[in-house]
Amino acid sequence: MIRKKILGLFLMLAMIVPQLVWAAQPGVMTKANFAVHKDENTGEQKLRMVIDVTGAVQTSASVSTAGPELIVTVKGASAGRLRTLPLDGKIARVAKFSRLDASSSQIAIKLPVMPADSNYRVFTLPSDAEANRPFRVVVDIQQPSAAQAAAPKPEKQPKQSAAKAELTQANFAVHTDAVTGEQKLRLVVETSGQVETAANFVSSPEPQLIVNVKGASIGRLQQAMKLDGTIANSVNFVRTDDNNSQMLINLPAMLDKSDYRVFVLPSDREANRPFRVVVDITKQLAPVEFNFTPGLKGKVIVIDPGHGGSDPGAIGPGSTQEKAVTLAVSQKVKAALEKAGAKVIMTRQDDRDVFGTRATAVEELDARTKVANSIKADIFLSIHANAFGNRSVGGTSTHYYLKSRYDRMLAENLQASLVSAVGLNDRGAQTANFYVVKRTLMPAALIETAFISNPDEEKLLNSPKFQQQLAQGIVDGLDQFFLQAAKKGGGQ
């Protein structure tokens, strides 16, 4: 009997240990396929490429004029054995997979013409155990318009030299505008030949500006270089292949597209100046100082029920409107927080537009952030319900914009507490560029409580019991956040 128990224990360990080891490893891209779909009404064609991944990943995309190419950066997964995928030849020609580092990869999709921003979309899909579907990265590319296809192609420049270019030297300086006082970091990287660049910003796992340099290897340049530590922390120079490289600029905070600029300066023989890649990064506003203490008593919290008035938000299969359930949940959150001693302000108390009628989307969103900013609230929470075309998709997620070290902390505490309270699929705490979490001065989070497009979750969202569970999960998450923030010192 004892031997059987010991044998059974060993068998269990043999099954569990590999899973634990695998869980600690980054994901791997395992399979890539594509198909071209035609819209029956417009006749417009769209290419969809789907890449299966063994774990959750973060993606970002940018367009490079070299090629031209759509560059998709995948953080959290290696390219595995994927190398090249020939595509349809009209919408896109070929996809090439390459390794950036141990846990990141890149997909370079060669295109026949430069795409507009509206011509492509990159997103991820969660795994679905019931349908036996893994995590997926999806790339949608629209057929180029007639005007795009007819646009003259840029003339090919004569080759400068048969020799391969290299990055030869890197320097940086911080400049202060004498009038505005604005600070800007300028990184200048000299190259031995002409190059092309493309840049994109990724927010996870840490903020990073990725600059792709086509036409130059890193040569003998040191692989890492410390920067000023305030505007940017450091830069890593990474080889992608014999003729191309990357600059990974590690940042302390999020960036807008308007906060950085990447360009190439030509060589100047008379002034003895080589080709140069220039990266300008503008210093962000000084972070607001916080002084967090444990507990909810006395805290000022703004609750923003998503949508309202002329904007119903998403509508479920049973005709439930998002604006109705977000208000119901928000009212329960308000009652529970006030019971705990917090002061709560709602951006709307009933079914109305916050800005007023005939407002633009930005005016409406800005009005919500101004409620919190004007009273210098401690926390801003926007409550929503998610939606997706596939009705089987469900779960809870919390979104944040990394303005301070507390935004992620807030989102992670709320997400953990909500999942524990309601038991839905954990879709994680995710970075997002949502206006209301970006433009508020205090730590902020946008909660997607459940999928209103999922019939089962739509019913839950209409249930007062489930609404109360959500409210309690939010209150408990806030309580845990203030406790953790106080332990961290309550500073910036």
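Residue pairs whose Cβ atoms lie under 7 Å apart, sitting 6 or more positions apart in sequence or on different chains, and linking a residue in region 211-227 that is farther than 21 Å from Thr73 by Cβ and without any contact (Cβ under 8 Å) to a residue 12 or more places away in the chain to a partner that is small (Gly, Ala, Ser) and outside any loop (DSSP other than H, G, I, E, B), are Lys226/Ser234. Scanning region 222-264 for residues that are modelled with pLDDT of 90 or more, buried (at least 17 other Cβ atoms within 10 Å of the Cβ) and among the hydroxyl-bearing types (Ser, Thr, Tyr) returns Ser245, Tyr260. Taking the condition at pLDDT 95 or above, over 16 Å from Val437 (Cα atoms) and in a loop (DSSP other than H, G, I, E, B), does Arg348 pass? The answer is yes for Arg348.
Of the residues making up region 295-319, those that are buried (at least 19 other Cβ atoms within 10 Å of the Cβ), in a loop (DSSP other than H, G, I, E, B) and either of a type in the set (A, V, I, L, M) or over 27 Å from the mean Cα position of the chain (by Cα) (or both) are Leu296, Lys299, Ala314.
On inspection, Asp311 passes the criterion of being outside the structural domain of Leu209 (by TED's automatic domain parsing), more than 23 Å from Leu414 (Cα to Cα) and in contact (Cβ under 8 Å) with a residue 24 or more places away in the chain.
Consider region 351-381. How many of its residues are without any contact (Cβ under 8 Å) to a residue 24 or more places away in the chain and not in a loop (DSSP other than H, G, I, E, B)?
Of the residues in region 351-381, the ones without any contact (Cβ under 8 Å) to a residue 24 or more places away in the chain are 355-356, 358-361, 363, 367, 370, 374.
Filter once more, keeping what is not in a loop (DSSP other than H, G, I, E, B): 361, 363, 367, 370, 374.
Final tally of qualifying residues: 5.
The residue pairs whose first member lies in region 54-83 and is under 18 Å from Asn433 (Cα atoms), whose second member is among the basic types (Lys, Arg), and whose beta carbons are closer than 6 Å, counting only pairs six or more residues apart or on different chains, are Gln58/Lys75.
Take the residues in region 351-370 that are small (Gly, Ala, Ser) and out of contact with any Phe, Trp or Tyr (no Cβ under 6 Å at 6 or more places or on another chain); name whichever of them is modelled with the lowest pLDDT. Steps first, answer last, please.
So the first thing to find is which residues in region 351-370 are small (Gly, Ala, Ser), and the list is 356, 359, 361, 367.
Restricting the remaining residues to those that are out of contact with any Phe, Trp or Tyr (no Cβ under 6 Å at 6 or more places or on another chain) gives 356, 359, 361.
Values: Gly356: 85, Ala359: 82, Ala361: 86.
If we take residues in region 351-370 being small (Gly, Ala, Ser) and out of contact with any Phe, Trp or Tyr (no Cβ under 6 Å at 6 or more places or on another chain), then Ala359 is modelled with the lowest pLDDT.
Whether a residue is over 21 Å from the mean Cα position of the chain (by Cα), surrounded by 15 or more Cβ atoms within 10 Å (Cβ to Cβ), at pLDDT 90 or above and not assigned by TED's automatic domain parsing to the domain that holds Tyr406 was assessed, and Phe290 does not pass this test.
Considering only region 24-109, give the strands (runs of 3 or more DSSP E) lying wholly within it that have at least 3 residues that are more than 19 Å from Glu206 (Cα to Cα).
27-38, 45-53, 69-75, 84-86, 94-101
Taken over region 28-59, the criterion of being surrounded by 17 or more Cβ atoms within 10 Å (Cβ to Cβ) and modelled with pLDDT under 85 is satisfied by no residue. Only one entry in Arg352, Arg348 is surrounded by fewer than 18 Cβ atoms within 10 Å (Cβ to Cβ), within 26 Å of Ser463 (Cβ to Cβ) and not assigned by TED's automatic domain parsing to the domain that holds Ser234, namely Arg352.
Residues of region 110-135 that are assigned to a strand (DSSP E or B), within 29 Å of Thr396 (Cα to Cα) and either in the same structural domain as Asp241 (by TED's automatic domain parsing) or more than 19 Å from the chain's Cα centre (by Cα) (or both): Asp128, Arg133. Pairing each residue of region 108-127 that is basic (Lys, Arg) with any residue that is surrounded by 17 or more Cβ atoms within 10 Å (Cβ to Cβ) and modelled with pLDDT under 80, provided the two are 6+ apart or on different chains, yields C-beta distances under 8 Å for Lys110/Gly67.
Pro112 meets each of the listed conditions (1) in contact with a strand residue (DSSP E or B) (Cβ under 7 Å, 6 or more places away or on another chain); (2) modelled with pLDDT of 85 or more apart from (1).
Within region 456-483, if we keep just the residues that are without any contact (Cβ under 8 Å) to a residue 60 or more places away in the chain and under 27 Å from the mean Cα position of the chain (by Cα), the residue that is farthest from Gln331 (Cα to Cα) turns out to be Asp476.
The values are calculated or read from the model by the stated rules, or taken from the named source; none is laboratory data. Please read all numbers here as calculations on a predicted model, not as lab measurements. Cβ atoms come from the backbone with ideal geometry, glycine included; neighbour counts cover every protein chain shown.
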